[in-house]
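Asks: Structure below; questions to follow.
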Amino acid sequence: MLNKALLDTDIYSEILKAIDQNVTRNATTYRQIHGRLTYSVITVMEIIQGLQKVGAPPKRIQAFRTAITPEEILLFDQDDADLAGLIAGDLDRVGRPIGRCDPMIAAVAIRHGLELVTGNTAHYQRIQQLGYPLTLVNWRI
């Protein structure tokens, strides 16, 4: 059984593209169990940024906005920002930074008590190695 989880941007992007059969199968099973996918507003920003960067037509960005309507989108609040700042600062201090968005997504997962579904386990394992209670799941395997 798949536990309630927060999807990282890479996994949600793969679900939209429907290329990886393992990811597609897991997403289908997850929807059957939980009714909808869960991800954060940071993922929304990253996907729209990616579409805009490649010059996607406005109708493609609007199609994405429409596609996410039935999903559960978690907000990023002050407590998430506080935790993300601690995580990012610790990563910087030990010389293992992972950018701005990944600590934010990790903070949302931790604060909501959700597993984080990602194919980018190497980045997030750095957060685990610092002692943060982040559980990782990879739907690609």
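The values are calculated or read from the model by the stated rules, or taken from the named source; none is laboratory data. As the structure is a prediction and not an experimental result, all values here were calculated from the model. Note that each Cβ is placed from the backbone with ideal geometry, even for glycine, and that neighbours are counted across all protein chains shown.
Asks: I47 is checked against (1) touching a strand residue (DSSP E or B) at 6+ places or on another chain (Cβ under 8 Å); (2) buried (at least 17 other Cβ atoms within 10 Å of the Cβ) and fails just one. What number does that condition carry?
Replies: Among (1) touching a strand residue (DSSP E or B) at 6+ places or on another chain (Cβ under 8 Å); (2) buried (at least 17 other Cβ atoms within 10 Å of the Cβ), I47 violates only (1).
Asks: Pull up the stretch 71-94, narrow it to residues that are out of contact with any Lys or Arg (no Cβ under 6 Å at 6 or more places or on another chain) and outside any helix (DSSP H, G or I), then point me to the one that is surrounded by the most Cβ atoms within 10 Å (Cβ to Cβ).
Replies: Filtering first and then ranking leaves L74.
Asks: Looking at I87, I15, I105, can you tell me which residue is at pLDDT 95 or above, of a type in the set (V, I, T) and within 15 Å of the chain's Cα centre (by Cα)? Show your work before the answer.
Replies: Details: I87 fails: within 15 Å of the chain's Cα centre (by Cα); I15 fails: at pLDDT 95 or above.
Step by step, each of I87, I15, I105 is checked, and only I105 is at pLDDT 95 or above, of a type in the set (V, I, T) and within 15 Å of the chain's Cα centre (by Cα).
Asks: Considering each residue of the stretch 17-33, count those that are farther than 15 Å from I141 by Cβ and part of a helix (DSSP H, G or I), and give that number.
Replies: 6
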